[in-house]
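Right, one structure below, let's go through it.
Here, each number is a calculation from the coordinates, and none is a lab measurement. Since the model is a prediction, treat every value here as computed from it, not as a measurement. In this analysis, Cβ positions are derived from the backbone assuming ideal geometry, glycine residues included, and neighbour counts consider all displayed protein chains.
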Amino acid sequence: MALVLRRCWPVCSRGVTSYPGRILGSQSYSHTRTKNNKLFMKCTSSRGFSKTAITSSVGILKSKYPDFDIPTNLSLPQFVLADFDKRGDAVALVNGFTDRSYTFKQLKNAIHNSASGLSRDGFRQGDVCAIFSPNIPEFFIAFNAVASIGAINTTVNPLYTVDELANQLNDSESKCIITIPQFADKAREAAEKCSNIKAIYVFGTEATDGCIPFTKLMEDDGSAFPSNISINPMEDLVVLPYSSGTTGEPKGVMLSHYNLISNITQLSYPGLFKYKPDVDCLLGLPPYFHIYGMTMLQSGLWQGVKHVTLPKFEPEEFLRIIQDYKITCAPIVPPIVLFLAKHPSVDNYDLSSLKEILSGAAPLGAKIVHAVKDRLDNNDLKCRQGFGLTELSPVVNIGNLLEDCHPGSVGQLVPNTEAKVVDVKTGEILGKRQNGELCYRGPQMMKGYLKNEKATADTIKDGWLHTGDIGFYDNDGQFYVVDRLKELIKYKGFQVAPAEIEALLLTHTDIKDACVIGIPDEEAGELPKAFVVANSSTVNPKDILSFVESKVAPHKRLRGGIEFVNEIPKTASGKILRRNLRDI
């Protein structure tokens, strides 16, 4: 695909190099401010990307796919929108619930005008904008408008409570919020808790008290688009999604323009995430605030493929949209794969257009893979998995459509990527079919965690990103994820940080100590469960459940229940022994 630079996009002075990417090893990052007090987050590295093939003597596995040359002189919008003019009036994005659509030409114009409108309103390079919205076509417009002027997106779970939203706004130092009218009240309440918020925009045309219609930006004449922007894609951030990493509370993951471009390019190898315009149609169900949905959206539109958005999962609408829009690829999560395998409503719809199901965000068992293929009775259907982390932009493993997908496997390494499996106690590199912690390095690896050098150092060691996931690879280089070393709970693909819920529980006057773990569940993957040491014998578990429910997003609720214990097992240093409670 030709990468054509348009005059309306800022161009960086760096050239395209001939090497496939680079790895951050010995790295440092800083937060500096210009004379205009704008925040820039940058990272430097002293290591280069290794092009070494599989080296059995040291157990480092190299992708079997050829390395790609990854552009280093393009911002994400320059890269993704390069062929939008050529695609012109072809439909690019559709709201599956309302049928509202945009062509490629309309998207590019809307992004340019919105970027100009943001600049006219005082939004500048290095500023952070929070997008607090479900999956709708305008999400793509807002995201790329912010990115095109060198500003930074932070994407927020639309189910967040006011306090959760305010925490992310404060930590990211956001200057504005872009949301939907239904969330305007919540956005205003959160903004009152944040000193940096200067404006709240709402998608649509109607004005809401204290908010500006996003249409005002889209209808700007484009003349205020800054002509002097210089984006360094290798260093400047494009998005700050929040992840709990291997432990602790949610942290801002610093991803550059180059990080996202790298992963989009890595996925473009035939059979990975390579599709045909005018033939394929992608389902936009994984949340765009989550790196899974975010990368699928950018990658699909870069390839010129129609994308149908779903603001939320509603069983009948989900099935209708696959049928009516002739969806060929459905990136989803394991609970929805299970829905396709078991729900009676599936028989009422024609899903024959579906060529592949791509499952991510949580492990998918081999039994469910076989069940969904049998249920849909489609010999051509491919059901494959991918694996990655927010910190890896996100994909490092994915099954190939052109090959036999091993049931239960998360696939091969994507191009430009290396992996090793290490002993969790000694750090020794392990060989084939030996369980250990999965570690990766590649150009898609994050810069680090925002304002958290310790968490960064704990995660990136000697240039390798330690995932906190336990797995192995087989003789064919197929990877399998079998357990989780890290504390993170995965409920229907959503992250739940135990430390966050524990901190909330400890604010309750009737609770002396608490620990939260995930317990297995066939449909959801894991359910958050709390072990609580009460201050009195009269404490009511229903009151505690209601207390938590009122403070957190739905996926963080204690659906696994509450169990009272005399004490929380801990090490001498005070670290909670979660595995002891899991064994119970």
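Numbers at a glance
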item	result
Non-local Lys pairs in the stretch 489-583, i.e. 8 or more apart or on different chains, that have alpha carbons under 24 Å apart	25
Cα gyration tensor category, rounded, prolate or oblate, for the stretch 104-230 with a/c compared to 1.5	prolate
Virtual spin-label span in nm between E523 and S227, 7 Å along Cα→Cβ	5.9
Positive-end residue, the stretch 104-230 charge dipole about Cα centroid, Cβ charges, pick of F225, C211, N167	F225
Karplus 3J(HN,Hα) series, Hz, for the stretch 504-515 with 6.51 cos²θ - 1.76 cosθ + 1.60 (x for Gly, Pro)	5, 4, 6, 7, 6, 5, 8, 10, 8, 8, 7, 9
Gain upon complete extension [D69, K342; 0.36 nm per residue less C-alpha separation]	93.9 nm
Selection from Y325, C439, F139, by position along the positive dipole direction of the chain (Cβ)	C439
Over the chain, volume per residue of the alpha carbon convex hull, in Å³	153
Distance in nm between pseudo-label sites at E453 and E567 (7 Å out along the Cβ direction from Cα)	3.7
Those residues of the stretch 60-77 whose amide nitrogen sits under 15 Å from the label point placed on I429, 7 Å along Cα→Cβ	60-63
HN-Hα J in Hz across the stretch 477-484 - Karplus 6.51, -1.76, 1.60, θ = phi - 60°, x for Gly and Pro	x, 7, 9, 9, 9, 10, 6, 10
The chain - charge dipole about Cα centre, Lys and Arg +1 at Cβ, Asp and Glu -1, debye rounded to 20	1400
Under 5 Å, built H, 5+ apart or other chain: amide partners of A90	F104, K105
Extension gain (nm, one decimal) between D462 and D476, 0.36 nm per residue minus Cα-Cα	2.4 nm
Interchain or long-range residues, amide H under 5 Å from I519's placed H	L527, K529
222 nm mean residue ellipticity, helices alone, for the chain (DSSP H n ≥ 4; -39,500 (n - 2.57); rounded to 500)	-7000 deg cm²/dmol
Cross-link partners of K86 among aspartates and glutamates (Cα-Cα below 14 Å; sequence separation of 8 or more within a chain)	D278
Sites K274 and D209 - FRET efficiency at Förster radius 35 Å, r taken between beta-carbons, to 0.05	0.15
Antiparallel content of DSSP bridges confined to the chain, in %, to 5	60
Shape call, the stretch 270-326: gyration tensor on alpha carbons, a/c limit 1.5	oblate
Ordering of 150-157, 277-284, 415-422 by burial proxy (mean other Cβ atoms within 10 Å per residue, highest first)	150-157, 415-422, 277-284
Euclidean distance of C-alpha centroids, the stretch 471-504 and the stretch 169-220, integer Å	34
Hz values of 3J(HN,Hα) by residue in the stretch 516-526 - Karplus curve (6.51, -1.76, 1.60), Gly and Pro given as x	10, 10, x, 10, x, 8, 4, 7, 8, x, 8
5 angstrom amide H check on I511, placed H, neighbours 5+ away	N535
Cα-centre dipole for the stretch 489-583 with unit charges at Cβ (Lys and Arg positive, Asp and Glu negative), debye to 20	220
The stretch 322-443 shape via C-alpha gyration tensor axes, a/c threshold 1.5	prolate
Cα-Cα over 29 Å, subset of K193/K461; K274/K312; K274/K486	K193/K461; K274/K486
